Amino acid sequence: MWPVEALEKTIRVEYSHRVFFTRGVFSAANELLASLCSESPGGRVAKVFIIIDEAVSEAIASLGPAIEAYFSSRRDRLELVCPPVLVEGGERVKNSYFHVSEVHSRLDRYHIDRHSYVIAIGGGALLDMVGLAAATAHRGVRHIRIPTTTLSQDDSGVGVKNGINAFGKKNFIGTFAPPHAVVNDFEFLDSLPERDKRAGYSEAVKVALIRDQQFFERLEKDALLLKAFDSDAMERLVKRCAELHMIHIASSGDPFEFGSARPLDFGHWAAHKLEQVSDYRIRHGEAVAIGVALDTVYSGLVGLLDEESVERVLSLFSKMGMETYASELHYTDSDGDQMILRGLEEFREHLGGDLTITLLEGIGRGVEVHSMNLPKVVEAMNVLRDRYNHAEQRILMAR
């Protein structure tokens, strides 16, 4: 045998993952953001570069001027290097590397270094794209997320993932990079269209189903309030959902997903494919509701979950005003194969190793399986379709 010499050392890196809840983050008297941007060494004036989702800027015309006034009053500590830059939001911003390169170009132009701050204000897609740019400029500059949707405040914005889509696959290019901080400002939710307010509910149902029975029961009690967009109920949902996601990230032992399991992606194998098949007509939160419903029904069909629990899950989505079926579930390719089923292999491939899918064995109790019975998956899809058709018939008869 050839002689082999090896050197091996264990490297440990600690991260502090922080999420703050507030209102009026750019109000003159609110010091939260200023304090977060004043953590540079040596007490120097910190450079700050801000990107805003175009849709947010259009919905809140006062946002840009408020940001500039906020930083202008703190010139002794903070330097806003240029007026906030507007970038399109939504899934389109993740479908090309162009936007990442454009952010890199501006970070270079304004000499943003590793002790400067890049702040992204917007929905989950924009945060994903800017997070990738921040994580790769200078091998990582300080990034602060200000999520503006229910979905990004309770799920994607409080995670440690960044990425864009490529080769027809969700998040093919990306990094794990915990942000410097996340600031959830509930005032942003007030300006959302109803569709976007509702879209984040599905991630709360998801995490409750696999982690917290009491939270699920709280959602059941709040369902009609949530359908009516009651602010107190929405804030309860966002806080607990964000907390459960953070607990998993910090205590699972696998925050950067080196293994093959990702329980927080319950229902997502179908959801990601559904988004793609629908050409992103179906938004992520809406697709997750359908994906969670599908895997819940499947869990019942294979004997893991009792019928009553299956009905509770589907009923909760309905009471919240969320759909659990879309015709895209039944789309077929030129060979007659169900396109949604390709999502299983794409889900496995994204992590590698064995296929690992989280299912339910009870409300608040997830269980991992390593194979799926495809005829049962199709049967679950048919159950959701039949349920949807019956609901439509009842609506027509009521008219």
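Counting only DSSP H runs of at least 4 residues, each contributing -39500 (n - 2.57), and dividing by the residue count of the chain, the helix-based mean residue ellipticity at 222 nm comes to -14000 deg cm²/dmol. With a cap of 10 neighbouring Cβ atoms within 10 Å, and only residues DSSP puts in a loop, list the chymotrypsin sites (Phe, Trp or Tyr not before Pro) found in segment 138-231. Taking segment 138-231 and a limit of 10 other Cβ atoms within 10 Å, the loop chymotrypsin sites (Phe, Trp or Tyr not before Pro) found are Phe167. Shown for Thr356, Thr332: other C-beta atoms within 10 Å of each C-beta, ranked fewest to most, produce the order Thr332, Thr356. Note on the chain: Rg/Rh from Cα positions, Kirkwood definition for Rh, rounded to two decimals, is 0.99. Span-like helix criteria (full DSSP H runs; alpha carbon extent of at least 24 Å along the helix axis; mean Kyte-Doolittle hydropathy of at least -0.5) are satisfied in the chain by 231-251, 284-301, 374-398.
Taking each of Lys169/Lys273; Lys206/Lys376; Lys239/Lys319; Lys94/Lys197; Lys206/Lys319 in turn, the alpha-carbon distance tops 18 angstrom for Lys206/Lys376; Lys239/Lys319; Lys94/Lys197. GNM on the chain, alpha-carbon springs under 10 angstrom: the most fluctuating residue among Ala204, Ala134, Ala34 is Ala34. The aspartates and glutamates whose alpha-carbon is closer than 15 Å to the alpha-carbon of Lys170, local same-chain residues fewer than 8 away aside, are Glu91, Asp128, Asp265, Glu275, Asp279, Glu345, Glu346, Glu349.
Arrange the following residues from fewest to most other Cβ atoms within 10 Å of their Cβ: Trp269, Trp2. If you can, show how the numbers build up before the last one.
Numbers: Trp269 28, Trp2 3.
So the ranking, lowest neighbour count to highest, is Trp2, Trp269.
For the options Arg44, Arg142, Arg312, a Gaussian network treatment of the chain with springs between C-alpha atoms closer than 10 Å singles out Arg44 as fluctuating the most.
Every number in this text was worked out from the coordinates using simple rules, so none of it is lab data. Owing to the predicted nature of the structure, the values given are computational and were not obtained by experimental measurement. Backbone-built Cβ (ideal geometry, glycine too); neighbour counts: all protein chains shown.
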